[in-house]
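Participant: My structure is below; once you've seen it, I'll send some questions.
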Amino acid sequence: MTPSDNPVSAPPRLQTRSLLIGYTTPLLPDLDLEVPKGGILGILGVSGQGKSTLLKTLAGVTPPLAGRILIDGRDVTDTAIHERGIGFVFQEPLLFTHLSVIDNIAYGLRRHRVPRAQARERSAELLDWVGLAGLERRSVHELSGGQAQRVALARALAPEPAVMLLDEPFSALDTELRSRLVEEVSAMLRQRGCATVYVTHDPAEADAMADSIVRLEALPKADL
């Protein structure tokens, strides 16, 4: 890999400036984070240290106490959730049980008023891309844990977000499947050019997934 190919050397796609997260009082020192296009930033820490709150703040679910959030140089701190260009995958797939696999993936596209035929075509392409071609009509109840998380990833990627937020999406899976998906999903996200923030409590998983890691349990303000 040449320096120009290395995602870490690219300009930031996601950036925070003196970001303070929390509800009434800050959970962490102010955060100055940068994630380039195709880069993956790991957020490592035990439960209760603000990992999920950070993702919710980046997504626009929880407002910051102070600071700014920029995506591709655009300040989105006060921008509505659906206008930020962010995809979110949770610990549980949270698929719509009344929809088929392909309709789950197409859901975000339909919300963006993409024509039905075009939405289904793009959803089928993504389903193939995550290795689940042929499962278009399957009920989500028939999916394995790994398959369900792949569908959740495809659904999050369908609107072509600039930023992807992953909140321990593989923690409920067995060790072998988790290791395989970490490798496969990280390659997929880099290929799509997303700036990814990946939360985990597992140091080995963070090392395998991320280009760089912020450890919240030892987060000196000057290093952020």
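Participant: Output the peptides 124-130, 171-177 sorted from most to least packed, where packing is the average of other Cβ atoms within 10 Å over each peptide's residues.
Facilitator: By packing density, highest mean first, the sequence is 124-130, 171-177.
Participant: Sticking with this structure for a sec: In what sequence, highest mean first, do 188-201, 135-148, 58-71 appear when ranked by Cβ atoms within 10 angstrom?
Facilitator: 188-201, 58-71, 135-148
Participant: What does the helix-only formula give at 222 nm for the chain: each DSSP H stretch with n ≥ 4 adding -39500 (n - 2.57), the total divided by the residues, and the result rounded to the nearest 500 deg cm²/dmol?
Facilitator: Estimated from H runs of four or more residues: -10000 deg cm²/dmol.
Participant: May I ask you to derive the relative contact order of the stretch 1-155, considering only C-alpha pairs under 8 Å and at least 6 residues apart, and to give it as an integer percent?
Facilitator: Details: 209 pairs, mean separation 29.8, N = 155.
Rounded, it is 19 percent for the stretch 1-155.
Participant: Report which label in (i) 28, 19, 17; (ii) 33, 21, 15; (iii) 33, 25, 19 holds the value of semi-axes √(5λ) of the Cα gyration tensor in Å derived from the coordinates of this structure.
Facilitator: Matching entry in (i) 28, 19, 17; (ii) 33, 21, 15; (iii) 33, 25, 19: (i).
Participant: DSSP beta bridges in the chain, what fraction antiparallel, as a percent rounded to 5?
Facilitator: Percent antiparallel among DSSP bridges in the chain is about 40.
Participant: Compute the helix-to-body angle for 145-157: its Cα long axis versus the longest principal axis of the chain, expressed 0 to 90° and rounded to tens.
Facilitator: 70
Participant: What does the highest-first list of 42-51, 158-167, 111-120, 88-97 look like by mean Cβ count within 10 Å?
Facilitator: Descending packing order for the listed peptides: 158-167, 42-51, 88-97, 111-120.
Readers should treat all values here as calculations from the given coordinates under stated rules, not as data from a laboratory. As the structure is a computational prediction, the values presented were derived from the model and not from experiment. With ideal geometry, Cβ positions are generated from the backbone for all residues, glycine too; neighbour counts draw on all protein chains shown.
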